[in-house]
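Okay, so here's the structure we're looking at.
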Amino acid sequence: MLSNFQDQFASLTVGGLSLGFIYVLIALGYTMVYGVLRMINFANSEVFMYGTFATIIVIRDLFGFTQQSEPATGFRLVYILFLCLIASMLMSGILSIFLELVAYRRLRNRGSNKLAPLISAIGMSIVLAEFMRILTDSRYVGSPRVMEKKSLGTFFGAELRLDNVIIIVAGLILFVSLSQFVQRTRLGKAIRAVSMNEDAAKLMGVNLNFVVSGTFLVGGLMTGAAGFFYVLKYENTSFNIGFELGIAAFTAAILGGIGNIKGAFYGGIALGLLETYASFFLGTQWKAVTVFIVLVFVLYFRPNGVFGEAITQTRA
Amino acid sequence: MNERQYMKKQRLISVAAVIALAAGSAVAVAPASNAAAKTVTIAYQGPLTGEEAQVGIDELNGVKYAVKLFNAKNKGKFNVRIVEIDDQGSGTEAAKVAPGAASNKKILGIVGPAYSGATIASLPFYKQTNLPLISPSATRVSITDPAQGLIGFPVFHRIPVTDRVQGPALYKLATRGVSSPKVFVIDDQSPYGVGLVEYMKLGGATLAGQDSVPDKTTDWSATISKVKSASANVVIFTGYYAQAATLFRQLRDSGYTGVLAGGDGVLSPGILTLASASILEGVRLTGGTVPLAEISAKLEADFKAKMGVSSGTYAAESIDAANIFLSCISKGVNTRAAMLKCVKAYKGKSITGSALSFDKYGDTAGGVMNGFEIKGGAIKYTGAVK
């Protein structure tokens, strides 16, 4: 019984981690924008959803996979997965920039109050979701299997399935790359400067519009990567998939401290694990209750989340 | 009025027109084809868009087929039109569209609603306006159970048997041929899913484990761990097909090799587009329906020729429901009150050949639960579950 429990616990941890990394990447989309503009980009959940569709389009329409196709192997598999990742990231990145240009920039330049972009974001979220609903007839869209979900062995009794391993490893690489980007590159430094003090950054010659677009792009790219991982793991999507995952990732960002890259990382991982353990030990019906009790409890002691809200603290 | 005000007014009018058009699109009327004949209107209500759209479209095609045959047979005498009411299979949507259908006095009867939740949300409006309903697929027991407060009486009727029959039948089918079955049941927290499990237990099912999962769940790892902890060799999901596809796929990926089963919520060709044939191979399903092809190959061929598509789930029940209204129309019924009286007194034959009539509360007399299995990427009928 005990060994059975240990096996399950290890398996749950692997599953929870891979779900957690999907949350991390979406949470980064929220947190980057918040860090710079102090604005919650509610349409980020739809940016994610469009990323999932981009992946399925590449698999289904570019490579012609169907539900009856044999999964790809070897170099061809790597090539397809890489293209899917790029397509998904580009779709979400470009959509993010577009959102900023269309829905937020004018409001920001006109010096609107803080609520106007919030409503604009909710509006864009609804527009994007409804547009996809019409395109897909409100139906779930299944992704053909492109990769055999092989087991790479076991680790403390947990099966290390290929898709979970890819998500965890690639998610970690993406997160570290983003941290380095924000820490070391010129644009990254500008993002941090604007995040610290917008007026001072402008006086120092930082091009605010460029930095904001760059922030939306980087956030969108991370969210798009999450879209690819989601399809790789769950092999389906639908127009309303962003809502639940968006709320979860937003919760993760708040838990870790929104505006803080490190916070998005630990918040996402914690939420993925917490959801999975709570579902197993208390019953799936208690998952949301447990997550939000923990969130309220954490915020009670740390009102700005575990790591506060400074984009300047990037190192995990 | 200056130019600016005028423009503003024009814009408001066009916005209002767009909104009116959008609202009207939920209740679209088929064009009349025979002006000389007496035009009579019936309606279909079910999910025509949304996740469950396949079910509604299949049922609507059944109704259209029956009406097409009737109109051809009664050319010059009657011209029956169908109003399409899209409730997306949800109670919330149904409560929005039902008042419009209820107040449309031309509608003498509705085939539907397809789903029980949508039925319960619609019923107050239809009861108020005495609008008769015959559902081809709403199977929740409470709608016709006098002990649970006459929810559907007197306007509601249905063709299939209820979940009181389906619950135990699903358990029986899922465990058939399995030596020492250990059954794990997962519901989707919907009244349908939870109810089906309750009736399964009332029917004497013994369960090795159970989970109740929100209907938007995509990550099943915790549930799968529970299935494994319980060493289950039979997993029954009492929800709908879109979720069933993700659950079944993740279960098989986790190495689970036992039986997979589901109720009539999973019985939809839609599931075949969401998971590969190898994952779905052997999935056992129940449903109160009988495929047209099983009734007769000729019937299915005729359906395909006239409708341009193969018949889907609940086609036979939809045709039966429409035929009852049509037989009343042919007797000259032209008010809702007369239609209700006629439906209640109806004694005829189903296209399956069995006798068809309703009891006092609207349940069909007789009726069986059928079994299905997914084989080679297609849903195959395996006979009645006895």
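The values are calculated or read from the model by the stated rules, or taken from the named source; none is laboratory data. Because the structure is a prediction, the values reported are computed rather than measured. Counting neighbours? That spans all protein chains shown, and the Cβs are built from the backbone with ideal geometry, glycine included.
One table, with the values for the structure above:
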| read-out | value |
| --- | --- |
| Pairs where the first residue, in the range B:218-239, is more than 9 Å from chain A (Cβ to nearest Cβ) and the second is assigned to a loop (DSSP other than H, G, I, E, B) and of a type in the set (A, V, I, L, M, F, W, C), C-beta under 7 Å, 6+ apart | B:230/B:208; B:232/B:208; B:233/B:178; B:234/B:178; B:237/B:266 |
| Subset tally (residues that are crowded, with 20+ Cβ neighbours inside 10 Å and facing chain B (nearest Cβ under 7 Å)) for the range A:126-146 | 4 |
| In the range B:64-102, residue nearest to residue B:318 (Cα to Cα) [restricted to those that are among the hydroxyl-bearing types (Ser, Thr, Tyr) and at pLDDT below 95] | B:90 |
| Residue ID - nearest to the chain's Cα centre (by Cα), chosen from residues in the range B:33-62 that are of a type in the set (A, V, I, L, M) and within 19 Å of residue B:244 (Cα to Cα) | B:55 |
| Test: residue in the range A:150-158 that is away from every other protein chain (no Cβ under 14 Å), at pLDDT below 90 and outside any helix (DSSP H, G or I) | yes |
| Test set (1) surrounded by 15 or more Cβ atoms within 10 Å (Cβ to Cβ); (2) at pLDDT 90 or above; (3) outside the structural domain of residue B:261 (by TED's automatic domain parsing) - residue B:374 fails condition number | (3) |
| Members of the range B:70-101 that are surrounded by fewer than 22 Cβ atoms within 10 Å (Cβ to Cβ) and either polar (S, T, N, Q) or not assigned by TED's automatic domain parsing to the domain that holds residue B:329 (or both) | B:71, B:74, B:79, B:90, B:92 |
| The range B:202-213, subset outside any strand (DSSP E or B) and buried (at least 16 other Cβ atoms within 10 Å of the Cβ), residue modelled with the lowest pLDDT | B:203 |
| Cβ-Cβ under 6 Å pairs, at least 6 apart or on other chains, the range A:229-241 side more than 8 Å from chain B (Cβ to nearest Cβ), far side of a type in the set (Val, Ile, Thr) and in a strand (DSSP E or B) | A:237/A:141 |
| Residue B:140 vs. criteria free of Cβ contacts under 8 Å to residues at least 40 places away in the same chain and in contact with a helix residue (DSSP H, G or I) (Cβ under 9 Å, 6 or more places away or on another chain) | no |
| Elements of type helices (runs of 4 or more DSSP H) contained in the range B:287-386, each with 3 or more residues being touching a strand residue (DSSP E or B) at 6+ places or on another chain (Cβ under 9 Å) and closer than 30 Å to residue B:146 by Cβ | B:315-330, B:336-345 |
| Among residues of the range A:253-291, those that are modelled with pLDDT under 90, away from every other protein chain (no Cβ under 14 Å) and part of a helix (DSSP H, G or I), counted | 0 |
| Test: residue in the range B:132-155 that is surrounded by fewer than 24 Cβ atoms within 10 Å (Cβ to Cβ), in the same structural domain as residue B:45 (by TED's automatic domain parsing) and more than 29 Å from residue B:369 (Cα to Cα) | no |
| Per-region count, the range B:157-213, residues within 20 Å of the chain's Cα centre (by Cα) and among the charged types (D, E, K, R) | 5 |
| In the range A:257-288, the residues that are of a type in the set (D, E, K, R) and in contact with a strand residue (DSSP E or B) (Cβ under 7 Å, 6 or more places away or on another chain) | none |
